[in-house]
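Below is one structure, written out as structure tokens; comments come after it.
The values are calculated or read from the model by the stated rules, or taken from the named source; none is laboratory data. From a predicted model like this one, the values you see are computed outputs, not experimental measurements. As a convention, Cβ positions derive from the backbone with ideal geometry for all residues, glycine included, and neighbour counts pool all protein chains shown.
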Amino acid sequence: MILNRQHAVRVARRPLELFLARVRRELGIGQADVTICFVSDAEIARMNQAFRKKKGPTDVLSFPAGDRPAPISLLPRRKPGSGRRSKREDFLGDVAIAPATARRNAKKLGRTLPSELQILILHGVLHLLGYDHETDRGEMDRVEGRLRRRLRLT
């Protein structure tokens with residue numbers, strides 16, 4: 001589910017909902033529920049301070065449901081309909097994204113806002129699956145890079 005709780009940046013939800021469905025299929029997480037919520041810079045700055053003790057806005061924050069699990073094993077891609085499903089088929093958690101920050105970052109990186117939002121959705125979902133680029137010696141970066149190439153994200 002994608003919610004838009006900010007008004008500073010126009011966001012086309014439908015294409016992002018379709019992208020989230022692709023991410024679910026690619027990661028093999030089936031019907032696992034994920035909430036993506038677009039929030040203002042002020043709101044994400046409050047969350048960043050409250051949960052990470054860091055000042056200012058960030059582009060994405062993830063809030064896994066329950067204990068943070070060990071990263072789900074992302075096996076090589078199988079044929080559609082192969083039945084590969086995650087054991088985590090209920091609620092994975094929430095991802096908060098600040099489109100205003102994402103827009104600034106996209107401009108600096110030479111990307112479009114829709115592409116940047118897709119990258120942040122993928123990044124946030126990987127965090128919900130237990131990946132943590134701050135502690136995992138590059139594992140999340142490798143997995144995310146491979147998935148970005150598969151999903152044709154620049």
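Filter region 1-56 for residues that are out of contact with any Asp or Glu (no Cβ under 6 Å at 6 or more places or on another chain), assigned to a loop (DSSP other than H, G, I, E, B), surrounded by 12 or more Cβ atoms within 10 Å (Cβ to Cβ) and aliphatic (A, V, I, L, M) and give the result. Across region 1-56, the qualifying residues are Ala8, Val9, Val11, Ile29, Val39. Taking (1) under 24 Å from Gly28 (Cα atoms); (2) at pLDDT 95 or above in turn, Thr112 satisfies each apart from (1). Whether any residue in region 97-113 is in contact with a strand residue (DSSP E or B) (Cβ under 7 Å, 6 or more places away or on another chain) and in a helix (DSSP H, G or I) is what I want to check. Yes, some residue in region 97-113 is in contact with a strand residue (DSSP E or B) (Cβ under 7 Å, 6 or more places away or on another chain) and in a helix (DSSP H, G or I).
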